[in-house]
1. Using DSSP loop states and a limit of at most 13 other Cβ atoms within 10 Å to flag GluC sites (Glu not before Pro), what is the longest stretch of the chain containing no flagged site?
2. Please turn the phi angles of region 165-180 into ³J(HN,Hα) values with the Karplus equation 6.51 cos²θ - 1.76 cosθ + 1.60 (θ = phi - 60°), one per residue in order, whole Hz, x for glycine and proline.
3. For the charge dipole of region 190-358, defined by +1 on Lys and Arg C-beta atoms and -1 on Asp and Glu C-beta atoms about the Cα centroid, which residue among Ser277, Ser220, Gly239 has the Cα displaced farthest towards the positive pole?
4. Search the structure for amide H atoms under 5 Å from the amide H of Val149, placed 1.01 Å from N in the peptide plane, and list their residues when 5 or more places away or on another chain.
5. Compute the Rg to Rh ratio over region 190-358 from the alpha carbon atoms, using the Kirkwood formula for Rh, and round to two decimal places.
6. Using θ = phi - 60° and the Karplus curve 6.51 cos²θ - 1.76 cosθ + 1.60, what whole-Hz ³J(HN,Hα) does each residue of region 317-329 get, with Gly and Pro shown as x?
7. Nearest 10 degrees is fine. How inclined is helix 132-145 to the longest principal axis of the chain, computing both from alpha carbons?
8. Rounded to the nearest 5, what % of the DSSP beta bridges within the chain are antiparallel ones?
Amino acid sequence: MKILVNSIPLTTLQTGIGRYVRNLYRAMEAVAGGGIRYFSGIRADGGIPRGSSPRFSMRMIDALWKLPDPAVFTLRVLHWLAYEAMLRRACGRERFDIYHETGFVPAEIRNVPVVYNIYDLSLLKYREKHPKERVWFFDHFFRRRFPAVAHVLTISSFVKSEIVDEFRMDPDRVSAIPLAPDPVFSPRQKEETDLVLRERGWPDEYLLFVGSLEPRKNLSLLMEALVMTGEKIPVILTGWQAWGDKEWIERARRLGLGDRIHFAGYVDDETLARLYSGTAGLVYPSLYEGFGLPVLEAMACGAPVICSNSSSLPETAGDAALYIRPDDAEGLAHCIDRLVRDTELAGELREKGLKRAASFTWDGTARETLHLFGRIAARHRSGG
C-alpha cells in the first residue's frame with residue numbers, strides 16, 4: 001500500500017497537529033516498513049521531513065498576522081490552490097492508494113481516495129475564538145471539498161459523534177482512533193527539573209498550563225481561580241502566544257497575580273517533560289478539545305491533572321483526573337487547594353495517571369490507522 005500524506009504540519013511549529021502527524025507516521029513506518037511519501041506542496045519525498053526552528057516559525061506566523069485579515073485570507077487561498085495543483089500533478093506521476101489529508105480542509109483530488117482528519121469542530125462551534133481569516137478560509141473550501149472525501153478520521157469518540165450529527169454522515173464513514181503521549185514524555189528526576197527551574201528563574205513549586213495561549217483554552221477562568229485559592233501557588237504557562245485578545249493577562253495583573261504568573265513561551269520537549277514531572281499539577285480548564293493531548297503527556301510524566309469535564313477530556317483522562325466545570329472558578333480554586341494540600345490525593349492521581357497514559361500507544365494507533373487505510377484502499381480498488 002502506497003500512502004501520500006500532507007506533511008506541511010510537520011514543517012511548522014510543533015503544536016498538537018504536528019505532534020500527532022509526526023508520532024503517527026514514525027510509528028506507521030516502524031510497522032509498515034515503507035510505502036509512505038510526504039507531500040510538502042512541491043513534491044512527494046521519502047522520509048519524515050524535519051521541522052523548522054520554533055523561533056523561525058513563530059516569527060513567520062507573527063509577521064503574517066500583522067497583515068489585515070482579508071490579505072491573510074487571500075494568501076491562504078492562493079497557497080492552497082497552488083498546493084492542490086501540485087498535489088494533482090504528483091498523483092498523476094505516481095500511483096497512490098491513499099491520500100491522508102492532515103490540514104484544515106481536504107484537498108481536491110479525484111483519482112486517490114482521500115482520508116481527511118477532523119481534529120475537532122471548533123471552527124464551526126467556536127468560530128468567534130478563531131482568527132477571522134482562518135474561519136473564512138475554512139468556510140470557503142470545506143463545503144466545496146468535503147463531498148469528495150472517502151473517509152473521515154478523527155481522534156476521539158466524542159468528535160466522531162459530533163461529526164456524525166453535524167454532517168448527518170453514515171457512522172461507518174467516520175473512524176475515531178485515539179492519540180498517545182510522545183515517548184519523550186516520561187518521569188524525570190527531581191534534580192533534572194530543579195536544574196531547569198533554576199536556569200529559567202522559575203519557582204520550585206508551581207502549577208502548570210500547557211497549550212497555545214488562545215481563547216478556547218479558558219485561561220481567564222484560571223486567573224479567577226488563582227485569586228480564590230488559599231494556597232498562593234504560582235503557575236507556569238507554556239506555549240506560544242497564538243491568537244486572540246490577551247485581556248486576561250492585564251486582568252491578572254489588576255487582580256494582583258503578576259508575581260504568580262510565569263510565561264515560559266514555547267519550550268522544547270525535554271524542558272516540557274521536566275516541567276510536567278516537577279509540577280504540583282497540570283491545570284487544563286479548556287472549553288473544548290478534540291482530544292486534549294497535554295493531559296496524557298502530563299500523566300505520562302507522573303503529574304496530577306485538573307481538567308474540564310467538557311468535550312473529549314473525560315474520554316482522555318478517564319478516572320485519573322480531578323474534573324471541574326469550565327465556568328466554575330470557585331470549583332477550580334477548590335481543586336487546586338485540594339491538590340496542593342492533600343499529598344495522598346496527589347500521589348493517587350499520579351499513579352492513576354501513569355497507568356492511564358500507558359494504555360495509549362502510538363504503535364496501537366499506527367496499526368489501527370494502517371488497517372483503516374487498507375480497508376479504504378481495497379474498497380476503492382473494487383469500486384465500492
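1. Working: sites that count: Glu94, Glu205.
Excluding the exposed sites themselves, the longest stretch runs over 206-384.
2. 6, 5, 10, 6, 8, 5, x, 6, 9, 10, 10, 10, 10, x, 8, 8
3. Sorting the options by dipole projection puts first Ser220.
4. Result for Val149 returns nothing.
5. On the way: Rg = 14.5 Å, Rh = 15.7 Å.
Computed over Cα atoms, the ratio is 0.92.
6. So the Karplus estimates, Gly and Pro as x, are 7, x, 9, 9, 9, 8, 10, 9, 6, x, 10, 10, 5 Hz.
7. Taking Cα atoms only, the helix is inclined about 30 degrees.
8. Working: 2 of 34 bridges.
Just about 5 percent of them are antiparallel.
Where a number appears in this text, it was derived from the coordinates with a stated rule and is not lab data. Computed from a predicted structure; not experimentally measured. In this analysis, Cβ positions are derived from the backbone assuming ideal geometry, glycine residues included, and neighbour counts consider all displayed protein chains.
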